[in-house]
Every structure is written in structure tokens, then in C-alpha cells.
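Each reported figure results from applying straightforward, stated rules to the coordinates on display, with no laboratory input. Computed from a predicted structure; not experimentally measured. Cβ sites come from the backbone with ideal geometry, for glycine too, and all protein chains shown count toward neighbours.
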Amino acid sequence: MAGKLYIKTFGCQMNEYDSSRMADLLADTEAMVLTQDPRDASLILLNTCSVREKAQDKVFSDLGRLRELKRANPELLIGVGGCVASQEGEEIVARAPYVDMVFGPQTLHRLPDMIAARRRTGRPQVDISFPEIEKFDRLPPPRVEGPCAFVSIMEGCSKYCSFCVVPYTRGEEVSRPLEQVLEEVAGLADEGVREVTLLGQNVNAYRGPRGGGPPADLASLLDYLAEVPGLSRIRYTTSHPKEFTQRLIDAHGRLPLLGDQVHLPVQSGSDRILSGMKRGYTALEYKSIVRRLRSANPAVCIGSDFIVGFPGETEADFQATLRLVDDVGFDGGYSFLYSPRPGTPAASLSDATPQEEKAGRLERLQARLGALADGISAGMVGQVEEVLVEGPSRKDPLESSGRTRNNRMVNFAATGVAPGSLVRVRITAALAHSLRGEIAAP
Ligand code: SAM
Ligand code: F3S
């Protein structure tokens, strides 16, 4: 079905990645081109997120609006993918009968077949199964846009934190074979990619099958990737403290390509809450990882995820989180109000803390995290940083933009700098969301 494709993505980087793979796939098999205007589209896909209630609610209100578009254009096809699709399945078609396809994160590669079946049978198609890792064998090579690319190395999660829907919506952890990942990264580097971000819900649970040997862990994958000609940076997200092994920490000491930033979700600084969350580590164990990581690479900055207001969280528990934030000196982080998710163990826990109190805690935490990140940015002023250039600045074509080793965006006066090159930039000012700089003498 040649025509225009509109994709709306909710949620995490995995979803962003999945959306870009859907666009690649439909360009390849159906000659579809992306549009930014849903009114122009012959196929609209919503790639949904159910990690918090708000994201889930948005999907159904968006679907209500799409119904009008379908009324005006009965040829329009509507698909719902991602975690809400995975959780609700047939229920989506029952609630919104004008939806044509419902597919999960592990069945998006079947979209062309589902579109054909929808046309042949005239009936909505629902496929939210978890066919292991067949997805990657069936997707075309990713399209390269600029010097940075994402590479999914594993799917799903087997940690079953008591608050989280991901293991139910994305299935258990499955790793892509080592050779397949190496081939994909080498192909990307050949086409000019200089930075890859390895993606997965728990990348350090990676156990990549390989011909004639035991599975490769993340540390060995990184060692192999460091040898790929042309690559200058490798990042990964997200990792889990429970499997943050000494081998992985040592890799940070050994491989300068890993840059100076690690995102390591902690969720809470209270051991009582961490245990209720079933996270599998204590605040002290978390701090020990950070300490060892810093002794491997003293420049490393640590970002994190936090949940505020988990059932039973007291002011004292929250204070323990603030203490951990100060002890670690986090470089920013994402913090969320706890959102009970149907089907998760924590959803049945009783909780006496009023919502306003939780909102107040969230505000305090965010202020603290913001101040710490600003302090790190301010400390960079005057320093010369290695910047990987992404291209001309979006706001001013006489400037170039790139990222520092600790993943901060820097704008600096320079034209014609090849995207992907590494330049030395002296930081001249720290702004709220970016830095300013000037090219430093070599
Ligand atoms: N794999 C990651 C880890 O190690 O924790 C997390 C992936 S999860 C999809 C992203 C973040 O969403 C989590 O780190 C957590 O902070 C947040 N999150 C997950 N479930 C949540 C819930 N029920 N309420 C609020 N935030 C939640
Ligand atoms: Fe969710 Fe915990 Fe996995 S937060 S994605 S169950 S590590």
C-alpha cells in the first residue's frame, strides 16, 4: 500500500527505536513515506506506552480523535502497537472498533502481513504474541541518519520489579546473537555512524548467543565493539544495578569509547522501599557500584530514575532518597510519581500518603537533582571538552552542535564541521539545557 505513514510515539527510547524500525520496514515493503500530518496519512500508527497511567490514558483519547479522521476517509488504516496494545489486545478493538491492527513490541515486523490480512478479510487483526527474537531476522537494515544511531541488543525484562508492567508487556529478556549485533554495528560504522547507543530494558543482562562458545556478556560485547573501525563512542541504556558486574566496571576503565556517562536507575534510597519494589539491591550496594565505577573512570557522571510515593513510602524513606542523591552527586535524572499499574504486585498494596504530599516530595527531589546537574555544568565552564559533532545547530546555521563525553549538548560558532568528527571545545557558558563553547586551539 504505497502512501503516507504517520507514527505517534509515546514513552521510552525503546519505543522511539521501534517506531523508526516500523518506518524502515514499511518504506521497504510498502514504499510508504513518513508524514508529520495525520490528515495526510493512509496509515496511522500509535506506538503506545503503559508504564504510567497518564501515558495509557492518552492513547484512548487520541483514538477518539482518529475516529473522526476515519469517518472522513474510510480507506484510512489505524494500527495500535507498543505496550498498551500488548496489555489490552482484543480489548482495544472492542473499545475502538475502527482500529484495524493491534500489534505488540515483538510483532511489529509482522505489520506488512497484518495489513494484507486486514485488506483480504475486512476484519481487524490482533497479534500480540512474543515470538522470541524473530523480529530482528525480519527487519531491513536500519537507515542511517547522521553520525549517531541506536542498536537494540536485547528485548524484554525478567526482573519483575513489583511496580512495573514491562515484563508483562514486552516479555522476558531475550538477547540478540553477538554476531548479528557486531554485523549491524559494523554496517552502521561503514555508513558513517560514529556513536552507537545500545538499547534494551536491561542491557547488562545481555547474554548474546555466539557460534562455538558460551554466551557473550555486555563487557565482552563492548570489547568487540571497541574494535569496530570508525566508531568513536559507545553508550548503552538502560542498565540495572543488580547485574552491574565488576567486568562491566572494568570495561569503563579500559575503553575510553564508553564516554563519561552512565544511566543507572536506583528508584529509591530507602532499603525498605527497595525491598518492597523487589529491586534486589540496597542503597549501600548501589553506592559501592558507583564508587567502583568512579575508581575505574573518575570522570564518569551518573544519571538515574527515581519513583516517588511508592506505597508505604514515609517522609523518612524519602529523606533516605535525598541523602543518597547527595551522597552519589547524581548528574540529573528522571523522577516519577508512582503510578499503580493493573496486574503488578504493588498495585494491590495499600497506601495512606496523600497525593499532594507525594507531589511535594517529587518537587523537592527534582529541585535537588536539577541543582546537582547545574552544578556539574557550571563546573565544566573553562574546561576543554571532546565533542562529537552532530551537525549544524538547529537554531543558528552559523553554529555547530555536538555532545560532550558526559552527554551534554554544546553549541559553538563553527560552520562546515563534518558531522561525526571529534573536536576540542572550550566551554564558555552553562545554560539550562545546553552548554556554549568555542573551538579550542589544538
Ligand atoms: N530497566 C530499567 C531499570 O533498571 O529500572 C527501567 C525501565 S522502566 C520502563 C523506566 C522507568 O519508569 C523506571 O526506571 C521507573 O523509574 C519508571 N517506572 C516504571 N514503572 C513505574 C510506575 N508504575 N510508576 C512510576 N514510574 C514507573
Ligand atoms: Fe521494569 Fe524493573 Fe524491568 S523497572 S523494565 S521490571 S528492571
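Summing +1 for each Lys or Arg and -1 for each Asp or Glu among the other residues whose beta-carbon sits under 15 angstrom from that of C49 gives -1. Other residues lying with their Cβ under 12 Å from the Cβ of D260 contribute a combined charge of +3, Lys and Arg counting +1, Asp and Glu -1. Using a cut-off of under 16 Å, list every residue of region 332-371 whose amide N is near the label point 7 Å from the Cα of K58 along the Cα-to-beta-carbon line. Within reach of a label on K58: 335-337, 339.
For the listed residue pairs K70/K135; K54/K358; K8/K278, the alpha carbons are over 24 angstrom apart in K70/K135; K8/K278.
Quick one: net charge of K8's neighbours, Cβ under 10 Å, K/R +1, D/E -1? Walk me through the numbers on the way to the answer.
On the way: positive: K58; negative: D62.
Summing Lys/Arg as +1 and Asp/Glu as -1 gives 0.
State whether region 53-160 is rounded, prolate or oblate according to the following rule on the C-alpha gyration tensor (a ≥ b ≥ c being the square roots of its eigenvalues): a/c under 1.5 gives rounded; otherwise a/b larger than b/c gives prolate, and the remaining case gives oblate. Judged from the Cα gyration tensor, region 53-160 comes out prolate (a/c at least 1.5, a/b above b/c). Placing dummy labels 7 Å off each Cα toward the beta-carbon, the span from E438 to S421 is 1.9 nm. Within the chain, the cysteines lacking any other cysteine Cβ closer than 4.7 Å to their own Cβ are C12, C49, C83, C148, C157, C301.
At R0 = 30 Å, how high is the FRET efficiency between E315 and E16 if r is their beta carbon distance? Nearest 0.05 is fine.
Values: r = 36 Å, r/R0 = 1.21.
E between E315 and E16, to the nearest 0.05, is 0.25.
Karplus-derived 3J(HN,Hα) values for region 225-241, using 6.51 cos²θ - 1.76 cosθ + 1.60 with θ = phi - 60°, are 5, 4, 8, 5, x, x, 6, 10, 9, 10, 10, 8, 7, 9, 10, 10, x Hz; glycine and proline are entered as x.
Give the shape of region 141-214 as rounded, prolate or oblate, defined through the alpha-carbon gyration tensor: a ≥ b ≥ c are the square roots of its eigenvalues, a/c under 1.5 means rounded, and otherwise the shape is prolate if a/b is larger than b/c and oblate if not.
Numbers: a/c = 3.09, a/b = 1.57, b/c = 1.97.
Oblate, because a/c is 1.5 or more while a/b does not exceed b/c.
Would you please classify the overall shape of region 306-374 from the alpha carbon gyration tensor, given that a ≥ b ≥ c denote the square roots of the eigenvalues, rounded means a/c under 1.5, and beyond that prolate means a/b larger than b/c while oblate covers the rest? All intermediate terms of the calculation are to be shown ahead of the outcome.
Details: a/c = 2.20, a/b = 1.91, b/c = 1.15.
Because a/c hits 1.5 or more and a/b exceeds b/c, region 306-374 counts as prolate.
One Cα centroid belongs to region 286-317, the other to region 50-107; the line between them spans 36 Å.
Which FRET efficiency value, to the nearest 0.05, do you get for R71 and R394 by plugging their Cβ-Cβ distance into 1/(1 + (r/R0)^6) with R0 = 30 Å?
Details: r = 37 Å, r/R0 = 1.23.
Efficiency for this residue pair is about 0.20.
For K242, the aspartates and glutamates whose Cα comes closer than 12 Å to its Cα, not counting residues fewer than 8 places off in the same chain, are E285. Which parts of region 309-331 would a label at S295 reach, counting a residue when its backbone N lies under 14 Å from a point 7 Å out along Cα-to-Cβ? In region 309-331, the label zone of S295 (backbone N under 14 Å from the point 7 Å along Cα→Cβ) covers no residue. Our estimate of slack between L139 and V381, defined as 0.36 nm per intervening residue step minus the Cα-Cα distance, is 82.7 nm. Across region 91-123, the residues whose backbone nitrogen lies under 19 Å from the label position 7 Å along the beta-carbon direction of A2 are 112, 116.
Excluding same-chain neighbours fewer than eight residues apart, the aspartates and glutamates reachable from K159 by a Cα-Cα span under 13 Å are E172, E173, E243.
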